[in-house]
Every structure is written in structure tokens, then in C-alpha cells.
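The values are calculated or read from the model by the stated rules, or taken from the named source; none is laboratory data. Just so you know, these numbers come straight off a predicted model, no measurement behind them. Because the Cβ atoms are built from the backbone with ideal geometry, glycine has one as well, and the counts that use them run over all protein chains shown. The protein model used for the area step is the full one, side chains on, heavy atoms only, and it has no ligands, DNA or RNA in it. Shrake-Rupley method; radii C 1.70, N 1.55, O 1.52, S 1.80 Å.
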Amino acid sequence: MSTLVECRDHREPGETASGYRAGRTLPLRVELVRQLKRRRTLVMGAILFALPFVLLVAFQIGGEPGGGNNRVNLMDTATASGANFAAVNLFASAGFLLVIPVALFCGDTVASEASWSSLRYLLAAPVPRARLLWSKLAVGLGLSLASLILLPLIALAVGTAAYGWGPLQLPTGGTLEPGTAAQRLAIVVAYVMVSQLVTAGLAFWLSTRTDAPLGAVGGAVFLTIIGSVLDEVTALGDWRNVLPAHFQYAWLDAVQPQIQWSDMIQGTSLSVTYALVLFALAFRGFARKDVVS
């Protein structure tokens, strides 16, 4: 029979042990160190670190990008400068690769504790359930943001070493000075993170519903891919506007001569709304869950 883990003693109801502070349990620093030491964190960091070098080798072997194309796009400007190379790395990875670390860090966090049978011991410490979820969610989102920052930083360094430091050349014509280009790339990273909040919410909610980390991570990635596939179905018409994937590349408006905010604002509001609902479902469901592992 399932049992709900509780802290039992001889104190009166509402009375707590001397010196006990719920807000001091499971500090963010402790949780962050635990997650940083895990193998999956190191492997994901190595993959993101290696991607710019893989693209650099591909351009060196294949020659100048865009050869034989009559249409100029962002990929065609990859070798123009370090800033262009960083932008291309984001463009190449935003659709799928960057989904994986977000799903991994947010989906593995609670489910892995359950799979190791350590979740009930954390709650018996006692760590309040809301505090446990807040700590794990904050660290998961922090590591996700760090992943999204790591990629363009490494790409900028690699691209600058290979192609030089210069303005960001735009596929539509014109350039952005290095200072302005850096600001635009920061906006791009911020928007990509916001657009990934839906994946984070899905992964975190699933993580509180299952004891299988792979199920939580894989489920979030699968549902994100399904959303992207549905967005390609033009027969859905205006229904595509309610799909978070519909605005995932709205950040391209930030690498134009004049930045356009309308699509990014719509995408941000949609992603934040979905994410808040999913996070609320995770907290509500976990508060009522019988923890037996």
C-alpha cells in the first residue's frame, strides 16, 4: 500500500523543531553543485562546446556557404565574421538541438530522484514539497539558460578566430556594427530561452508525473517536435498561431536593419502563458502525490 512520506514526531500540530527554517532546506547552491557534477550535464556541455568546431570544419571542407544558391539567407553569411558565425550556430540549433538540454535539465530533475528512490528521503529531511520543486526548477532553468549562452559564446570565439572580428552582415543587405550586433545576439538568446519555456514546462510537469527520467525528457522532446510538425501544416490556417512553435524563429526579426518586435512579443506571451500553466500543474499535482520512491 502506498504511503505518503511525512515528518512525524511528538510536537503539537503546527509546531516545528528549534532552528528549522523551511526556506533554508535544499539550498540552490547545493542543488546546483549536484546537477553540475552529473554526467549528463558534462556530456551536454561537451556537445554544445563541440558544435561550433563541427560547423567550422564543415565550412572548411565544403567551401563558402550558399554556393550555387540564387537566394541569400542567414546561412550564406556564416563566414563573413565571428558575429555571423555565432548567429548561424543559433539558427542551425534552435529548432531541435537546443530543445534537448532544456528538456534534459527540466525533465530529469525530479524523475531521476524518484528513480534512485531518494525523493522520499528528501521530503523526510524534511524539505517542503514546494521548496523542493522551486529549487529544482530554478536550477533546471538556470542550466538551460547557461546552455543557450554557452553555444553562441563559443561560436563567437571560434568564428572570430577563423573569420575575424567585424560587423554582422545581414542577408537582406547592410551591416550592424559589432556593438549593435552583440546587443542583437543577446536579444536572440533571450528570446530563444523564452520560446523554450514551453518545452521546459512540459518536461518539468512530466518529471513530477513519472519515475522514468527518459520518459519525461523524451515526452517533452516528442511533444515539441509534434508542435513543430503541426506548424508546417498550412491547412490549419490561423490555428497555427496558438502553437508555440509558430513563433520559434521570430528572433530572425532581430537580425534585420530595423528590429521588429511584433512577432517576438506574440511568441513571448504565448510561451509564457503555456509555461505558467504547465508549471502550475506540476506544483499542484506534486503537492497531492503519494511519494513512494
W261 accessible area, nearest 10 Å², 1.4 Å probe? 130 Å²
Under Karplus coefficients 6.51, -1.76 and 1.60, residue-wise ³J(HN,Hα) of segment 130-143 in Hz, glycine/proline x: 4, 5, 4, 5, 4, 5, 5, 5, 4, 5, x, 5, x, 5
With a 1.4 Å probe and all protein chains left in place, how much of the accessible area of segment 154-266 comes from carbon and sulfur atoms, in whole percent? 64 percent
Run the 1.4 Å probe and let me know the accessible area of S115, rounded to the nearest 10 Å². 60 Å²
Calculate the spin-label point distance for A157 paired with R39, positioning each point 7 Å from the Cα along the beta-carbon direction, and give it in nanometres. 2.6 nm
Computed magnitude of the charge dipole of segment 164-263 (debye, nearest 20; Cβ of K, R +1, Cβ of D, E -1): 160 debye
With all protein chains modelled, accessible area of Y274 [1.4 Å, Å²]: 90 Å²
Leaving ligands, DNA and RNA out of it, rank L48, L153 by accessible area with a 1.4 Å probe, largest first. L153, L48
